[in-house]
Amino acid sequence: MEHVRTLRIGITCYPSIGGSGVLASALGADLAYRGHDVHFISYERPFRLPPDVPRVHFHPVGINAYGLFKYPDYTLPLSVKMAEVSREYGLDLLHVHYAVPHATAAILARSMLPQGLRPKVVTTLHGTDTTLLGRDPGYGPAIRHALGCSDAVTVVSEYLRDETRRVLDVDRPIDVVHNFFEPRPPRRTRDEVRHQLGVTDELVVLHSSNLRPVKRVDLLLEAAARVRPCESFRLVILAGEDFAPFAGDVRRLGLEGRVVVLERVPDIEDYLQAADLGLFASDSESFCLSILEAMCFGCPSVATRVGGIPEVVEDGVSGVLVTPGDAATLARAVETLISDPAHRFELGEAARRRAREHFSADVIVPRYEAIYRRVCGAETEHL
């Protein structure tokens, strides 16, 4: 009889709101559902990690602000905690999201342990390691070293694989494993959420992001101000960070009363089901998980044709892609879909199918499991 054994997996990610933390949290929960033991190691419990998931454990990393250091150090305490958890629980592997500082810490932790207790290291790049830090001479060599010492490297899009090879001059196998999203059931009805948002007959145009400069929230607001008729929609922004820096833009563009901002929303599914259209104006994206989240609820998006977005959205089939940096073009695309509900519905249904067929947990998580077993040499156990 052949039995595929379960694995003991450590996961480290940034616990704040952002695509990498959301993906890592969902991956850990789904791996536990499939019978693996999962240990999250970070300075905080990940924001989107559900409470009380069987076989999911959280190990906090303590950070001390010693006067000796001008800036508190995280990499060394993280590596020590990784080594402790690996030793105590016999981890098979550490799956780290972002090379800096997580892969560096994992490689250091591995070297602290005796040969028989060393976990494998799987590093997943989500974008910034390559597109921003990879170009920085203060980080690039460390990232290149971390990737070279990892037992496997994955990226969330073909675009990011190609950029990683180009920017970091990495000559090693890189697995492309796209992001996935498995929505939880909404806690409230669509009508209840729209009532909370003050929406009656208008369309809900949704934007969800961490508001970092690359997301081009300024351009997003400018595009929204150009949409006519202006009373045809309400722009709802689910903000992972403080929206206050953009309040002046809202006033300057005359968008008061047209924009609803909600910060650090845990139950994102409530708002996804209430949305009619997504809007994303990014200058760069390795994947854009927010678009996929909307797709799962039959909500198509107007987005910029950058980075890995064309791997998620088929232009004219499951959404609309436009040239980046052009508020007028974004606005025209939104106006077209507002005025054509039949086409909007057609795009939304195609988006829902594409999300289910290409970016569901059942499609993506087994790809990670296969990588884990490949690096661990743990294909099967015979009973």
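Where a number appears in this text, it was derived from the coordinates with a stated rule and is not lab data. None of these values were measured; they are calculated from a predicted model. Don't worry about glycine lacking a Cβ; one is built from the backbone with ideal geometry, like all the others, and counts go over all protein chains shown.
Observations, loosely collected:
- Fluctuation leader among PRO213, PRO186, PRO245 - the chain, Gaussian network, Cα springs under 10 angstrom: PRO245
- Taking 0.36 nm per residue of separation and subtracting the current Cα-Cα distance, fully stretching the chain between ALA342 and VAL53 would add 100.0 nm.
- Global form of segment 306-383, assessed from the alpha-carbon gyration tensor, a/c cut-off 1.5: oblate
- Shape category assigned to segment 180-240 from the gyration tensor of Cα positions, a/c cut at 1.5: oblate
- Our helix-only sum for the chain, with -39,500 (n - 2.57) per DSSP H run of n ≥ 4 divided by its residues, gives a mean residue ellipticity at 222 nm of -11500 deg cm²/dmol.
- Total charge dipole magnitude, the chain, about the Cα centre, Cβ charges on Lys, Arg, Asp, Glu only, Debye to nearest 20: 680 debye
- Ranking TYR372, ALA103, THR329 by how far each Cα lies toward the positive end of the dipole of the chain (charges on Cβ) leaves ALA103 at the top.
- Selection among SER232, PRO341, CYS13 by position relative to the dipole of the chain gives CYS13 as farthest towards the positive end (Cβ unit charges, Cα centre).
- Nearest-ten-degree value, helix 140-149 long axis tilted from longest Cα axis of the chain: 60 degrees
- For segment 106-158 versus segment 192-267, the gap between their alpha-carbon centres in whole angstrom: 36 Å
- For the peptides 66-72, 163-169, residues were scored by their other Cβ atoms within 10 Å and the scores averaged per peptide; the highest-first order is 163-169, 66-72.
- In plain terms, the chain from ASP326 to ARG5 could stretch by 110.4 nm, reckoned as 0.36 nm per residue minus the Cα-Cα distance.
- Extension gain for ARG264 to ARG353 (0.36 nm times residue separation, less C-alpha to C-alpha distance): 29.2 nm.
- Here, the chain yields an orientationally averaged convex hull projection of 20.6 nm² when only Cα atoms define the hull.
- Cα gyration tensor category, rounded, prolate or oblate, for segment 245-306 with a/c compared to 1.5: oblate
- Placing R0 at 45 angstrom, the Cβ-Cβ distance between THR75 and ASP283 gives a FRET efficiency of 0.95 after rounding to 0.05.
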